[in-house]
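Following: one structure in structure tokens, then a few remarks.
The values are calculated or read from the model by the stated rules, or taken from the named source; none is laboratory data. Given the structure is predicted, the values throughout are model-derived calculations rather than measurements. When we count neighbours, we look across all protein chains shown, and the Cβ atoms used for this are built from the backbone with ideal geometry, even at glycine. Side chains are part of the model used for accessible areas, which takes the heavy atoms of the whole protein and leaves out ligands, DNA and RNA. Shrake-Rupley method; radii C 1.70, N 1.55, O 1.52, S 1.80 Å.
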Amino acid sequence: MTAATIIFDYDRTLSPGESVVDVLALAIDDHPRRVELRRDFLALQARWRRGDKGLGDIPVVLRLVRAIGRRHIDAYVASRREPPEDLRQLFAELRGRGVRLHIVSSAYRDWLVPIGRAWGFADVEIHARHGLSWIGGRAHTINATHILRPPSKARIIEALVRAGRAGSPMVVVGDGAEDLQAFRSSGADCLVVAEYDVPEHEEPLPLRPGEAAVRVAYRDGLVDAIRSALSMPNA
């Protein structure tokens with residue numbers, strides 16, 4: 001396999017912030033019990049930032065997710081339909097060079113797929129690990145992607161390689177521990193670490209000595225970092 005491949009994360013990498021938080025914020029602002037839901041949402045985020053997650057959060061999460069309607073997802077998609085100009089140019093440049101592009105993300109397929117399509121990605125290049133189910137026009141999370149453990153990013157990338165849809169050199173672009181694990185487990189050649197949107201309370205990714213990686217502290221440096229990663233000796 002000789003086709004160079006780039007695996008992009010979405011949240012906090014291609015797009016600022018966490019998309020599920022943005023969609024929930026739209027839904028809460030549109031809800032008649034917005035004050036109560038916003039209070040619960042902020043309290044939940046505070047607990048999770050402290051690493052304090054538990055079974056008691058499940059009713060809160062279900063109540064918050066049930067506030068999401070399709071119009072909130074449509075509004076979020078509309079806000080992201082046009083990619084940043086530097087990314088639009090990069091995608092065109094890389095595709096022109098025959099580089100294979102994939103988005104592999106924990107973002108929900110309900111918005112990742114239409115955004116990816118708008119950015120020029122085919123459905124087989126958009127890999128969302130989660131999806132919502134719908135009852136009475138409202139979202140809920142009781143489905144196989146939550147009850148059963150979805151494939152990890154590393155497993156998804158390995159499957160792409162086996163299917164001949166990802167080749168070498170391979171660059172993983174992302175911001176979190178799961179991206180680091182995917183880089184190591186999948187045999188990728190280089191990791192581009194997007195650090196520009198990582199909250200202050202999160203520690204930098206613990207890279208090992210000698211690992212082929214490029215840290216990007218500012219969003220304006222992402223495109224050049226990806227070009228640099230593709231030309232590194234390991235890649």
Problem - Filter pass, Ala25 being in contact (Cβ under 8 Å) with a residue 24 or more places away in the chain and within 21 Å of the chain's Cα centre (by Cα) - result: no
Practice task
Run down Leu24, Leu42 and say which single residue is at negative phi and open to solvent by less than 50 Å² (accessible area, probe 1.4 Å).
Solution key: Leu24
Completion exercise
All conditions in (1) open to solvent by less than 30 Å² (accessible area, probe 1.4 Å); (2) in contact (Cβ under 8 Å) with a residue 24 or more places away in the chain; (3) out of contact with any His (no Cβ under 8 Å at 6 or more places or on another chain); (4) more than 27 Å from Asp189 (Cα to Cα) are true of Pro114 except (1)
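Do you know which of the residues in segment 37-71 that are part of a loop (DSSP other than H, G, I, E, B) and out of contact with any helix residue (DSSP H, G or I) (no Cβ under 8 Å at 6 or more places or on another chain) is farthest from Glu202 (Cα to Cα)?
Applying the filter and picking the extreme gives Arg66.
Please state which one of Ala144, Ala154, Ala139 is crowded, with 20+ Cβ neighbours inside 10 Å, at pLDDT below 95 and closer than 30 Å to His31 by Cα.
Answer to the check: Ala139.
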Handout entry: Qualifying residue in segment 95-106 (condition: outside any strand (DSSP E or B) and within 14 Å of Tyr10 (Cβ to Cβ))
Key = no
Completion exercise
Arg66 fails exactly one of (1) farther than 27 Å from Leu44 by Cα; (2) touching a Lys or Arg at 6+ places or on another chain (Cβ under 9 Å), namely (1)
Exercise for the section: Could you grab me the full set of residues in segment 74-88 that are closer than 26 Å to Val173 by Cα, without any contact (Cβ under 8 Å) to a residue 60 or more places away in the chain and not in a loop (DSSP other than H, G, I, E, B)? Expected result: Tyr76, Val77, Ala78, Ser79, Glu85, Arg88
Fill in the blank from the handout: Subset of segment 187-229, residues touching a residue at least 60 places away in the same chain (Cβ under 8 Å), buried (at least 20 other Cβ atoms within 10 Å of the Cβ) and outside any strand (DSSP E or B), comes to Ala188, Leu222, Ile226
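Given the criteria modelled with pLDDT of 90 or more, under 15 Å from the mean Cα position of the chain (by Cα), within 16 Å of Glu125 (Cα to Cα) and open to solvent by less than 60 Å² (accessible area, probe 1.4 Å), does Val173 qualify?
Yes: the conditions hold for Val173.
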Completion exercise
Note on segment 190-226: residues modelled with pLDDT under 95 and charged (D, E, K, R) are Asp197, Glu200, Glu202, Glu203, Arg208, Glu211
Exercise for the section: Taking Arg165 as the residue in question, decide whether it is closer than 25 Å to Glu82 by Cβ, in contact (Cβ under 8 Å) with a residue 24 or more places away in the chain, open to solvent by 10 Å² or more (accessible area, probe 1.4 Å) and out of contact with any Pro (no Cβ under 9 Å at 6 or more places or on another chain). Expected result: no
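Can we say Arg63 is open to solvent by 40 Å² or more (accessible area, probe 1.4 Å) and touching a residue at least 60 places away in the same chain (Cβ under 8 Å)?
Answer is no for this residue.
Right, Arg12: touching a residue at least 40 places away in the same chain (Cβ under 8 Å) and in contact with an Asp or Glu (Cβ under 7 Å, 6 or more places away or on another chain) or not?
yes
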